[in-house]
Every structure is written in structure tokens, then in C-alpha cells.
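The values are calculated or read from the model by the stated rules, or taken from the named source; none is laboratory data. Keep in mind the model is a prediction, meaning the values are calculated, not measured. So basically every Cβ, Gly included, is an ideal-geometry build from the backbone, and we count neighbours across all protein chains shown.
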């Protein structure tokens with residue numbers, strides 16, 4: 001309902017313009033909210049606004065809470081570690097333990113909360129097993145809908161992936177920004193025993209692995225894995241006895257969109273992505289000579305397999321890009337490549353017709369998410385096609401390259417250090433996105449924001 005009415009869902013409270021909740025008890029809310037600067041509103045406001053056909057005043061829907069102590073650190077701490085991961089020394093023990101040594105942090109490491117300030121490879125050179133275990137703990141919390149806990153783990157994982165040597169001591173680990181108290185306990189346990197029991201259990205947890213697959217299915221207008229509705233639906237499938245996507249596809253009552261989402265589930269190799277990239281480039285140049293194509297997403301960051309293909313197209317003539325998306329998608333449909341349009345958005349057409357753009361923070365990029373038939377395999381693939389005119393091209397490439405954690409960090413850094421608002425459609429000096437900063441290249445965007453240049457492969 002939010003996305004279909006022009007809104008956008010944010011996992012970071014500080015990036016949101018309003019916090020929606022179904023909880024009524026202030027004490028309970030205070031455990032989940034770490035800022036009072038953003039209005040906290042009863043979710044009923046959305047339903048009533050849709051019924052009224054207009055955005056109603058927030059006044060009658062606001063929920064007021066008192067936050068006794070600052071919780072800005074909540075982003076970087078974790079509160080759901082099991083008691084089994086607490087490590088205690090035996091009573092009366094006086095033995096020394098190398099995992100407790102006082103070791104300084106590596107002087108070559110950029111110890112910052114901002115992941116965008118340091119190179120982070122897709123696969124770590126050091127601490128590989130520790131990263132693997134922590135990623136499992138993060139994924140479990142994500143699957144359980146524990147968004148803040150999941151975010152805490154992602155911060156820690158990103159930092160440890162970038163750390164330039166093996167971590168030898170818990171006192172060394174706790175100095176890394178992003179490693180909170182509970183994650184510190186997990187690292188302590190790993191350094192002492194060589195394993196983390198909860199992570200080992202997750203490795204063989206059938207429900208976790210099944211639910212993880214369910215949550216990756218494309219849903220109604222948004223990805224299920226960023227929606228609490230999606231988590232509920234995945235749990236419903238599990239509770240119904242479904243143990244695979246095949247079970248769901250054959251037995252569950254599904255909307256056409258979700259049924260299609262299951263058909264699109266299979267991952268693509270780099271060769272698959274390249275085949276589709278070449279087809280779209282060829283067909284685009286046939287209908288608009290001079291256009292160029294830029295693959296982004298995980299493919300650009302060097303991932304071996306991807307859930308979809310993200311492609312940006314652009315023509316050097318600003319005006320030639322208007323209407324280009326619909327022409328291209330229609331052309332690909334006629335050729336038999338595009339079999340379904342999952343979502344089509346043309347904000348450039350809204351601007352031309354004078355239609356209201358409801359959310360100044362929403363990326364204003366023409367885009368179509370498609371079910372694309374790959375000729376060599378006969379398999380439907382999700383291919384996301386975006387059209388970016390020259391004025392938006394470089395920030396679009398930057399924004400769609402990812403990773404999610406890198407982009408979140410970049411936006412926060414730009415706003416908190418320079419007051420800049422960064423989106424895929426541009427860099428702006430004001431919240432309403434009325435004053436655009438000219439960007440001449442992707443590297444120029446880094447310079448404007450004040451970041452060191454990082455190759456796409458190091459933005460993980």
C-alpha cells in the first residue's frame with residue numbers, strides 16, 4: 001500500500017520522514033525507536049489517507065513517547081544473542097588466554113562507522129570463517145524480522161571483512177566500530193573455541209534455509225524480504241507444511257505476481273547476465289542509435305551469481321531519454337524477450353504532464369522490472385531496466401551499483417557531514433530536491449560527497 005501510493009520503505013529510521021507502527025504502548029515503542037525527531041504515527045493513518053484519497057494530517061495519529069537515554073548507538077549494538085554464547089572463565093582460573101590479550105587495532109584500518117570510507121571486498125582476505133559465522137547470525141535475525149539486530153550484524157560484518165589482518169584478541173575486536181557488546185561475545189567465543197554454536201546450528205536449520213528462500217521471492221509490488229507482510233506470508237507457507245518453493249508453487253493459493261516470482265527465483269551466472277546484457281544493448285541501439293548501456297548491481301561488483309540483472313541505459317541527448325523506456329520495453333516485448341512487466345514507473349512522464357510527485361525523497365528514475373526470457377536456457381529472469389538522462393546518469397550508476405550497506409553509509413555520510421541529499425536521480429542541497437548539484441562522472445560524485453574513490457568491487 002505504501003509503495004503503490006508513491007511512498008518508499010526505509011530500514012533506517014534516520015532516513016525516514018515518518019515512522020509507522022501498529023504498537024500502541026509507549027513503553028514497548030521506546031524499545032524499538034531511537035529518535036524522537038521523526039513523527040511516530042499510527043499505521044491507521046495510511047489506511048485512512050487512502051480511503052480519503054488524500055494525505056491526511058498527522059496530528060490526530062501521532063504517538064508520543066519518552067526516550068530516557070540516547071539510542072543512537074542502537075544501530076551498532078545487538079540485543080538478541082543467546083545466553084549460550086556468553087563465555088565465562090572457570091572459577092578460580094588464573095591461566096592466560098591469547099584471546100584476551102590487549103592488542104591495538106591495526107593502524108592501517110580506517111576505523112569508521114561509515115563503510116563508504118574504506119574498501120570492503122566481496123570476499124574477505126582475513127577472518128573468513130568468523131565472517132561466515134556472523135553472516136549466518138545476521139541472516140537468521142533478518143529472517144526473524146529483527147531489523148535492528150540484523151543491521152547491527154551487517155555493520156560488524158562489513159567492518160571485519162575490511163579488516164587488514166586476522167583478529168587475535170577480543171580486546172582488539174571490541175575496538176572496531178560496529179562491534180557491539182553481544183557481537184563481541186560471539187567473537188570472544190569464536191576466538192576461544194574456533195566456533196559459534198548458534199551459527200553452527202543455523203547451518204543445518206531446515207526452517208531457516210527454507211524461510212530464507214521464501215523471503216527472496218518477488219511479491220506484490222515490493223520484495224517480500226523488505227516487508228513484514230512478506231515475513232508473515234513466508235511463515236504461513238512454512239506452517240502450512242511447505243518445505244520448498246516447488247511445494248508452494250504446486251499447492252499454495254498464489255497471486256499471479258507471486259507465482260511469477262517463484263518462476264524468477266533461479267540465480268544467474270555471470271555468463272547468463274552477459275547474454276541478457278548483450279541482447280538489451282543490441283535492441284536498444286536498434287530503436288535509439290547512440291544509446292549506451294551500463295550493467296550495475298551485484299554483477300558490477302563482481303558477484304559470481306545474482307538474483308537479477310540491473311541495467312541502466314542512457315542517451316547523450318537529454319530529451320531523447322524521455323519515452324525511451326516504454327519504447328524499449330514494448331520493443332523487447334514484441335521480440336518475445338519481455339514476457340511480463342512486474343512494475344513500470346515513469347516519473348519523467350509525470351513531470352511532463354505536471355502530475356504531482358508525492359515524495360521528494362523518492363528516486364525519480366524511469367524503470368521497469370521485467371520477467372525476461374533468456375533464449376539459451378528458456379528460463380524467465382528478472383531484468384530491471386532503468387533509463388537515466390545525462391543529468392542523472394552518474395548518480396544512478398552509483399546508487400544502483402550497491403551494496404545496500406555501502407549505499408546506506410554513503411547517504412548518511414553525505415547528509416551528516418555536508419548536508420547533502422543523495423539519491424539515484426541526483427545530489428541535492430535541499431530536502432525537497434529543488435537544488436541539484438551538477439555531477440560529471442561517478443568519480444566526481446565521490447569528490448562532491450567527500451569520499452575516497454572505491455572501485456565497484458570494493459563496495460561490499
Fill in: Breaking point among (1) in contact (Cβ under 8 Å) with a residue 60 or more places away in the chain; (2) in a strand (DSSP E or B), for residue 432
(2)
Item to complete: Starting from residues that are in contact with a strand residue (DSSP E or B) (Cβ under 9 Å, 6 or more places away or on another chain) and farther than 15 Å from residue 396 by Cβ, keep the ones in region 433-447 and report whichever is surrounded by the fewest Cβ atoms within 10 Å (Cβ to Cβ).
Response: 434
Item to complete: Please go through region 270-299 and pick out each residue that is assigned to a helix (DSSP H, G or I), within 17 Å of residue 332 (Cα to Cα) and touching a strand residue (DSSP E or B) at 6+ places or on another chain (Cβ under 8 Å).
Response: 273, 275, 276, 277, 280, 281, 284
Item to complete: Name every residue in region 371-409 that is touching a strand residue (DSSP E or B) at 6+ places or on another chain (Cβ under 6 Å) and under 20 Å from residue 272 (Cα atoms), in order of residue number.
Response: 371, 372, 373, 374, 380, 381, 383, 384, 385, 386, 400
Practice prompt. Provide a single number: the residues in region 181-191 that are surrounded by fewer than 23 Cβ atoms within 10 Å (Cβ to Cβ) and touching a residue at least 40 places away in the same chain (Cβ under 8 Å).
Written response: 5
Item to complete: Restricting attention to region 380-423, report how many residues are part of a loop (DSSP other than H, G, I, E, B) and crowded, with 22+ Cβ neighbours inside 10 Å.
Response: 1
Fill in: All positions within region 319-347 that are in contact (Cβ under 8 Å) with a residue 60 or more places away in the chain and part of a strand (DSSP E or B)
340, 342, 343
Worksheet item: In region 317-336, is there at least one residue being buried (at least 21 other Cβ atoms within 10 Å of the Cβ) and within 23 Å of the chain's Cα centre (by Cα)?
Response: no
Fill in: Residue match in region 151-162 (condition: under 28 Å from residue 459 (Cβ atoms) and not in a helix (DSSP H, G or I))
no
Worksheet entry | Whichever residue in region 214-237 is more than 22 Å from residue 367 (Cα to Cα) and surrounded by fewer than 17 Cβ atoms within 10 Å (Cβ to Cβ) and, among such residues, is modelled with the lowest pLDDT | 228
